[in-house]
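Step one of this worksheet: look at the structure below.
The values are calculated or read from the model by the stated rules, or taken from the named source; none is laboratory data. These numbers were taken from a predicted model, which means no experiment stands behind them. Cβ atoms come from the backbone with ideal geometry, glycine included; neighbour counts cover every protein chain shown.
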Amino acid sequence: MISKIRPFREDDNSSEKLVGKPIVDPKGDIIATCAEVFEDEKKKKHMRLSVKTEIGTDFIVEETIPVSAISKIGEVILLKKTFNIKPIPVEEIVTFEIQEVKTPKEKTIPPSEEREKDTQQKSQAEQGTDKTIEKQPPEATKATPLPKQKEPEVIQTEPKEESKKTTQRTTVKILLEELLTLEDPTQKQTLKEQLVKKIKKSKTNQKTILKGIVRYLASPELPTRLEMAELLTKIVRQEYEIVIPYFSELLTAAYNEPDKKIESVLCNSLTRVAIEANSKLVTPKMEKFFNDLIINHKLCKTISFSRIHNLNLKIFVNNYDMQTLIVSKYIKQIFVKKSSNDYADALKDFNAVIIANSLIRFFSPEKWQPFINLPAVKKTFDEHFIATINTILTSFVEGNIKTLTDIIKPKLGTDLSKKIVQNMIKTRIDDFLTNISIIPLDVMTSFFQDDNNMTVQILYDLINKNEINAQIIFIEEKTYIATSEHI
């Protein structure tokens, strides 16, 4: 049972009682977690703060909060006043855009002697242009006020920047084409490394190179496809995240690739992205892709389902979020009697946890038992397998965290077990907050059978990462969970 929040006492200022607890401001927002308690030069105690990053890792910030600022303590630390935690300074984030904007000095007309040297190296047409510039009377420049001198430079900036982007795009396209004409392996490797460096410099380069790779992977020429597959490998090793928006197109290329060597190179790259990206790969675009591929049969019509299924198993072998998404499409097809046996057979390559998780995440409870009772399902799976699915579904409905963990952990390991249980708890909490705007924390957690207080930790983590529409509030020294809109 959750202990009530109470006023902070002097004997509470120890690491044992503070470290690891979420820190909540008077508004009810979790601003950080207490990472350490230390004394300053004046023997006054402070809390060092840890915040969650977007990718779920902990980051120790520079700001600290004095222990004297604590108002109350319980499962969380409630502050007397609001503290602002500064975000990571922008100057610490390296961006190529800053380097692309040139200073006005580059737009300054060079001295006459330098212009004369440049004129000798240019064509007659360019010489004519330079002479026209040289004939301009110097008095006109002197007569122009200083503010008016600056105006042309500002006006000229946009066309030059746009021209620079166009030049970059053209240069990258030329390099891609040049890669396909080279025969020397050393020159090819050098050019690939050059392209990888360029892809880091701008989003324009990323778009141009990746679209070029997708286009050339559809080439009838085997050497062309091999060069693009190997270039993709180098890109993924350096910057896997930039491949995510083009993952469905690259996956289609793998499905359609007839050569085993190229297929292997592509699959290795895509598998690496799938592992690194994890849940970030489950985007609306990917969901639509698999819907069109499996449900609507709009894509890869000439490729057998068996080949697509086997490549999916290889590529998403360690991405259980994507497995769950794909299984949901198979389940939908099993409900359709046509070809239901084929999709039921394909489900045998997934464990009971993934199938149960897919039912929980993508189907209403009214669909669970009808699916399990389908002839194709009963024909494909033995009684023990079906019983495991039923136990997971029942434990989810009952909020039995211990049973869920005991089933999932041996099959998928500690980390993945925790993640799947967290997703299941999130689904239950979302259901609660859809119907109730505010609920005492101890009442909510009473719906979960949890011996290790895992529900509370997961709940705080979900709120901290803004993954649920909820906040922590305190009324008469009692902790409540409310929707973000609740006042």
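No other residue among LYS285, LYS314 is within 27 Å of LYS411 (Cβ to Cβ) and either of a type outside the set (Ser, Thr, Tyr) or exposed (fewer than 15 other Cβ atoms within 10 Å of the Cβ) (or both) apart from LYS314. Set side by side, the residues THR82, THR64 differ, and just one is modelled with pLDDT of 65 or more, in contact with an Asp or Glu (Cβ under 6 Å, 6 or more places away or on another chain) and either closer than 30 Å to ASN464 by Cβ or in a loop (DSSP other than H, G, I, E, B) (or both), which is THR82. You will find that of LYS288, LYS234, LYS197, LYS201, the residue that is assigned to a loop (DSSP other than H, G, I, E, B), of a type in the set (Lys, Arg) and on the phi < 0 side of the Ramachandran plot is LYS201 and no other.
Residue check: is GLU36 modelled with pLDDT under 85 and either outside the structural domain of ALA277 (by TED's automatic domain parsing) or not in a strand (DSSP E or B) (or both)? No: the conditions fail for GLU36. The residue that is modelled with the highest pLDDT, counting only those in segment 335-346 that are surrounded by fewer than 21 Cβ atoms within 10 Å (Cβ to Cβ) and at negative phi, is ASP345. Checking the stated criteria, ASN390 turns out to be modelled with pLDDT of 90 or more and either surrounded by 14 or more Cβ atoms within 10 Å (Cβ to Cβ) or within 24 Å of LEU311 (Cβ to Cβ) (or both). Based on what the data block shows, is ILE429 of a type in the set (Val, Ile, Thr), touching a helix residue (DSSP H, G or I) at 6+ places or on another chain (Cβ under 9 Å), part of a helix (DSSP H, G or I) and farther than 15 Å from ASN357 by Cα? Spelling it out, ILE429 is indeed of a type in the set (Val, Ile, Thr), touching a helix residue (DSSP H, G or I) at 6+ places or on another chain (Cβ under 9 Å), part of a helix (DSSP H, G or I) and farther than 15 Å from ASN357 by Cα. Sub-7 Å Cβ pairs linking a first residue in segment 263-286 that is within 20 Å of GLN238 (Cβ to Cβ) to a second residue that is among the small types (Gly, Ala, Ser) and in a helix (DSSP H, G or I), at least 6 apart or interchain, are VAL265/ALA229; LEU266/ALA229; LEU266/ALA253; LEU266/ALA254; CYS267/ALA254; LEU270/ALA254; LEU281/ALA274, ordered by first then second residue. Of all residues in segment 286-329, those satisfying the criterion of being under 17 Å from LEU270 (Cβ atoms), β-branched (Val, Ile, Thr) and within 20 Å of the chain's Cα centre (by Cα) are ILE315, VAL317, ILE326.
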